[in-house]
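For reference, the structure is listed below as structure tokens.
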Amino acid sequence: LAPTWEKLAGKAAQHGSSVKIAEGDCTSTAKDACGQYKVTGYPKLMLFFADGDSIAAASYSGGRTLNDMWAWMRKVEADPATYRDKTQSGKADKKKDIRRGPGSKQGGGDDPGEPGAVTKITDKSQLEAMVKEGPVFAKFYAPWCG
């Protein structure tokens, strides 16, 4: 997933997306963020966005191709409230099934993309500060699984 994640960052930058692409190691620097958002399996992909005074997140578990993740990210970016699954308080809101994302196709090819800069999540407060500036699509991982 790491090379595809870097290509997603490049594509987001190339297309002027407001979404920052980030990643955090749940065994070290991002441990507090992983605990806050109940990350228990790796890698875990979540898109965070401001929801009033709190932070909401939409979990992603669709296809692992660049095009699948890009299409889902753009849909959430356009209408984040529809995809919200948990706020900081942990309140569930299941307005849509977001496991694959609407309109997502299984598989699908990747368009060629140049790797881009992925922001490293250093702790929960840094993630929250980034989300106040705009949406963040984060990959939480353990070093042994991508």
Checklist entry - Short version: ³J(HN,Hα) in whole Hz for each residue of segment 46-60, in order, from phi by Karplus 6.51 cos²θ - 1.76 cosθ + 1.60 (θ = phi - 60°), x for Gly and Pro, what are they? => result 9, 9, 9, 8, 6, 9, x, 8, 10, 10, 10, 9, 10, 7, 10
Checklist outcome for this item: Probe 1.4 Å, heavy atoms of protein chains only: per residue, the accessible area of segment 6-49 in Å² is 42 Å²
Next on the checklist: Give me the net charge for the shell around ALA22: Cβ to Cβ below 13 angstrom, other residues only, Lys and Arg +1, Asp and Glu -1.
Outcome noted: -1
Next on the checklist: Given the whole protein assembly as supplied and a 1.4 Å probe, what does the accessible area of GLU133 come to in Å², nearest 10?
Outcome noted: 140 Å²
Checklist outcome for this item: Ranked output for segments 39-46, 74-81 by mean other Cβ atoms within 10 Å, highest leading, reads 39-46, 74-81
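Fully extended, how many nm does the chain gain between THR122 and ALA2 (0.36 nm per residue separation, minus their Cα-Cα distance)?
41.4 nm
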Checklist outcome for this item: The ratio Rg/Rh over the Cα atoms of segment 1-54, Rh being the Kirkwood inverse mean 1/r radius, stands at 1.00
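The values are calculated or read from the model by the stated rules, or taken from the named source; none is laboratory data. Here the structure is a predicted model, which means the values were calculated and not measured. Positions of Cβ are backbone-derived with ideal geometry, glycine not excepted, and every protein chain shown enters the neighbour counts. Remember, those area values only see protein heavy atoms, side chains included, never the ligands or the DNA or RNA. Shrake-Rupley method; radii C 1.70, N 1.55, O 1.52, S 1.80 Å.
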